[in-house]
Amino acid sequence: MSSINIERIENDLYELSKFGFNEKDKGIYRQGLTEIDMEARQWMMQKFKDAGLTTHMDGAGNVCGRLGDPDKPAILIGSHLDSVPAGGMFDGTLGVVAGLECIRVIQENNIDVNCPIEIIGTSEEEGRFGGMLGAQALSGNLTLEWLESARDPKGEYLKDALEKCGLNVHDTLRARRDPSSMKAFLELHIEQGPVLENSNKCIGVVDGISGVFKWLVKLKGKADHAGTAPMDMRSDAFMGLADFAHEISRIIDEEGTDKSRITIGRVDLKPGYAHTIPGEAHFTIVGRDMQEDVMHQLANSCRKVLSSIARKHKLYFEYEQMSWLEPKHFSPEVVDLIEEEVKALDYSYMKMPSGAGHDIQFFTDLTPTGLIFIPSVGGVSHAPDEWSHWDDVEKGTQVLLNTLLRLAQ
Ligand SMILES: [Zn+2]
């Protein structure tokens, strides 16, 4: 068996972490389509070149390094190079650096592969402009209308940010890859949650990405003086919200699965004064599951429970569905292949869904896909103290390599 070299991966990840590193909070500030993000991309391309790969940056800012025939269908290994503000050094970068290491091992050992392999460092995955720009561009999930209207929270237009980086919306659309040019898509990523660590497993064989719906709910009652309105004569919107919060676990018990999640992440009480009964409660509900029919059941149940609570508290209830993203399932044959390779290496593992979105989700309908997780220490991610043990990084990369070789031989 050809073994990967963990020291090279460590070096690459530390080098990359310097791009956007903030001395004060020790976080990495490398948001998509910024100057420092482009510097990191140039560095990565040089690394691809050093490994003898054919490199280019596409119109969306994705950096690509390819081994083998430029025209034959390739196995793609991709993840992102941008970070959230005050992010960590493993999120995204791990998948790109590990892909490059797989190529080095293949070359050093003169391993025969029967198809091209391409490593892609995708651009703007963290959603500065509200999407996953690089992966959406590659998979053809972009429209000119969106590209021209998208803005970041500070109001900067995506099209202007592209121009500053020497890119533009039309070349971004041209970055689309035809499905016939892909043989498979693989991604290695940190879990960004506590499940693997708490279960004492070092590899997550991911079978899909949860579907997610987001609601904006309004409960409307009557704002009254908190001293003069008797308790039984109130229409207190917060009481309705509190009752609903208590029903969440029952809704999941009755309608959901062990993969179901319902979260109230944001609450806004109006008028919001300590001495006034809240006349309105505005809040978000985010629901998740791996099966779309279960998502529908959860959503229906939320609606019924909210109407009955509204009646009880003399409230008016309305909601708006802000988004509905269906679950994505990875190819069973690739998931099985990863599982076989993990077993052959005798690593501890579990099959699991991903609760977070990743670049790979845009490829599930285009080509065979597989996602591999390694543990995040303490479940921490998107924070300066995001960490994964080098031992797990080594194992994850070895699984990636072995899976890649099975697909390419
Ligand atoms: Zn990520």
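Select, from Leu94, Leu81, Leu76, the only residue that is surrounded by 21 or more Cβ atoms within 10 Å (Cβ to Cβ), of a type outside the set (D, E, K, R), more than 21 Å from Trp387 (Cα to Cα) and touching a residue at least 12 places away in the same chain (Cβ under 8 Å).
Leu76
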Fill in: Matching option when the condition is touching a residue at least 24 places away in the same chain (Cβ under 8 Å) and crowded, with 21+ Cβ neighbours inside 10 Å, among Leu298, Leu269
Leu298
Worksheet item: In the range 58-106, which residue that is touching an Asp or Glu at 6+ places or on another chain (Cβ under 7 Å) and of a type in the set (Asp, Glu) is farthest from the ligand (Cβ to nearest atom)?
Response: Asp82
Worksheet item: Among the residues of the range 332-391, which ones are more than 16 Å from the ligand (Cβ to nearest atom), more than 19 Å from Leu196 (Cβ to Cβ) and not acidic (Asp, Glu)?
Response: Pro332, Val334, Leu337, Ala344, Thr364, Leu366, Thr367, Pro368
Practice prompt. Filter the range 19-34 for residues that are open to solvent by 70 Å² or more (accessible area, probe 1.4 Å) and either in a strand (DSSP E or B) or over 12 Å from Ser83 (Cβ atoms) (or both) and give the result.
Written response: Phe21, Glu23, Lys24, Lys26
Discussion item. Going residue by residue through the range 54-76, is there one that turns out to be closer than 18 Å to Met89 by Cα and either modelled with pLDDT under 95 or not in a helix (DSSP H, G or I) (or both)?
Written reply: no
Practice prompt. With the condition kept exactly as written, say whether any residue in the range 184-198 is more than 16 Å from the ligand (Cβ to nearest atom), under 30 Å from Val342 (Cβ atoms) and surrounded by 21 or more Cβ atoms within 10 Å (Cβ to Cβ).
Written response: yes
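Residue-wise test of (1) open to solvent by 10 Å² or more (accessible area, probe 1.4 Å); (2) under 14 Å from the mean Cα position of the chain (by Cα); (3) away from the ligand (no atom under 16 Å from the Cβ).
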| site | (1), (2), (3) |
| --- | --- |
| Glu108 | yes, no, yes |
| Gln136 | yes, yes, no |
| Ala161 | no, no, yes |
| Val169 | yes, no, yes |
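The values are calculated or read from the model by the stated rules, or taken from the named source; none is laboratory data. Please read these numbers as outputs of a predicted model, since none were measured by experiment. Heads up, the Cβs are rebuilt from the backbone with ideal geometry, glycines too, and the neighbour counts pull from every protein chain shown. For the accessible areas, the whole protein counts, side chains as well, though only heavy atoms, and no ligand, DNA or RNA atoms are used. Shrake-Rupley method; radii C 1.70, N 1.55, O 1.52, S 1.80 Å.
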